[in-house]
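For reference, the structure is listed below as structure tokens.
Please treat every number below as a calculation from the coordinates, not as lab data. All values derive from a computational prediction rather than experimental measurement. FYI the Cβ positions are ideal-geometry reconstructions off the backbone, even for glycines, and counts take in every protein chain you see.
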Amino acid sequence: MTESTSTSGMPARTNRPDGTSRARAEVRKSISPGAVDLPSLVPIMYTFMFRNIASDGFVFSDPQSPGDISRDSKPGCIIAAPSFPADTPGIDEDYVFNWVRDGAITAMEVAKADLPTRPGGTVQTLNDYVQFADLCHSNAVPTKGHACFNIAGDARPWTEQNDGPALQSITILAAYDQLDLDTQKRAVELVNSNVAYLLDVYRDATTNLWEEHSGFSFFARAAQLRCFEEIQASTVVGIDKPVGLQPAIDWLRQALAGHWDGSKYVSMMADPGDGAQPSPQNPVVSGYDPNIDIVQSAVYGAVPVTDTKLLATAAQLRSQWEEGGIACYPVNKADREQFGIGPLFGRYPGDVYDGDTSHPVLGGHPWALSTCNVAELHYRLAAEIKSSRKVPLDDLSAPFFAQSGIDASTAPAAAAAALTATGDAMVRAVVYHSDNLELSEQFDGTSGFERSVHNLTWSYAAYLSAMRARAEAV
């Protein structure tokens, strides 16, 4: 294993095939992670993200059927990562597929990127995205909530996830003005179909964000609520606003409130099988909370960043992975002591997934996207405080603010600055542990070196989304 200097001025973090490596302390001590200008890395992260988006001139081959052009990618396909077992020693996961959720989160960053346009003001990548999304929707089985498709647009045997159609609709609305006329018509039809489907299923159980359990998902409900609210407010010609829309909005708000167990929001609640609303005291599985998908419900869904119950949950998330926490990552202690950066965040305390399902590791590892999402929460909250000149500090949120050195005596402007600095420290840890700025799915919780599937598209999208939020905060 060698360690060189990357384009960011940070040491390259090169993996060994088994996903681990030895830190060279004498090199790292000469590097200051605090010297990195985080917004300046945005063009690089866009470039890495775009490598995972197919066009008519940039085609992916199916690694399971090399040479079969009928299975090649269609324009607009967004792969989760260019990682499959034969190409990634020590990893048994194939990510050369299009997940509806990941694709929507990625395409949102394309829509917000102010890209060069074609004549007529359209962005071809977004035209391609909508057309591929429509192809997948037409092929979706057994439901229109099907989560994963192959790169040619056919349904892959997988789970049903009812956050996907919601996130896809949110992204299409954001991209609408950058679509050509024909694609706009397809976009309206697709959004209307998604909403009609969601209005039939929003009360039902679904497979959760991490594709591990079925039940009543806080994240799915937050994504559906945001979708319905944006549909209700949309001025796009042709977007349907069914009579059931407002009742669904009201119901979802109440359902989200029901996930509060007195100290945190519960990620998943069990389906009792009798149609009754489950209680917060009946989660699907122990060890699943606090779960990072609660923070993601504010980043991608309708949960306000000023919700002090959300902030109480976020405080517990952080404490469980820092020194003294039930799932402490040694790398977080080392990063804090050496550089004052971090912490890195995982998914939940009982996680065992590290890209190799044959060899699970109890406790899991930190994820780049999880860390960027928590940083974004801090940036968004800083922007809200700057705008309102009020800090939403109460008994519930006090532990969250204390993690950034904020208490009742802190002025709003100082609180916003402290929250931004906290977010920066988290993102700097992501940059420091990257491999020449390329982002895998996870970092090793002990060594900090990258592991699991490489070049995860969502990791780049999460970095870009965080930087957009940071721009509003500063």
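Here are some notes:
- Dmax and Rg, reported as Rg then Dmax, of the chain (C-alpha, Å): 21.4, 65
- Kirkwood radius for the range 51-121, taken over all pairs of different Cα atoms as the inverse mean of 1/r, rounds to 13.6 Å.
- Charge dipole of the range 41-201 about the Cα centre (unit charges at C-beta), most positive-ward option of P66, Q178, I79: Q178
- As a proxy for reagent exposure, L190, L179 were ordered by neighbouring Cβ count within 10 angstrom, fewest first; the result is L190, L179.
- Footprinting exposure proxy for D200, D444 (fewest neighbouring C-beta atoms within 10 Å first): D200, D444
- Computed about its Cα centre, the charge dipole of the chain is approximately 1080 debye, with only Lys, Arg, Asp and Glu carrying charge at their Cβ.
- Helix screen, the chain: DSSP H segments with Cα axial length of 18 Å or more and mean Kyte-Doolittle hydropathy at least 0.5 are 412-432.
- Partners for K333 among lysines (Cα-Cα distance below 21 Å; same-chain residues under 8 apart left out): K29
- Relative packing of 315-327, 57-69, 213-225, 367-379, which averages over residues the other C-beta atoms within 10 Å, highest first: 367-379, 213-225, 315-327, 57-69
- Gap separating the Cα centres of the range 46-100 and the range 378-428, nearest whole Å: 40 Å
- Value at 222 nm in deg cm²/dmol, rounded to 500, when DSSP H runs of n ≥ 4 in the chain each add -39,500 (n - 2.57): -13500 deg cm²/dmol
- Diffusion coefficient of the range 83-234 by Stokes-Einstein, Kirkwood radius over Cα pairs, 10 °C, 1.306 mPa s: 99 µm²/s.
- Fewest-first sequence of S297, S452 by Cβ atoms within 10 Å of each Cβ: S452, S297
- The relative contact order of the chain comes to 18 percent, based on Cα pairs under 8 Å that sit 6 or more residues apart.
- Cβ-based charge dipole, the range 287-361, positive-most Cα from Y288, G346, A298: A298
- Computed over every Cα-Cα pair of the range 136-215 and binned at 5 Å starting from 0, the pair-distance distribution P(r) comes out as 3, 15, 23, 24, 20, 10, 4, 1, 0 percent.
- Checked against a 25 Å cut-off, the cross-linked pairs K112/K386; K112/K185; K112/K390; K112/K264; K144/K241 give Cα-Cα distances beyond that limit for K112/K390; K112/K264.
- Lys/Arg +1, Asp/Glu -1 at C-beta; the chain dipole; positive extreme among W321, A382, M467: A382
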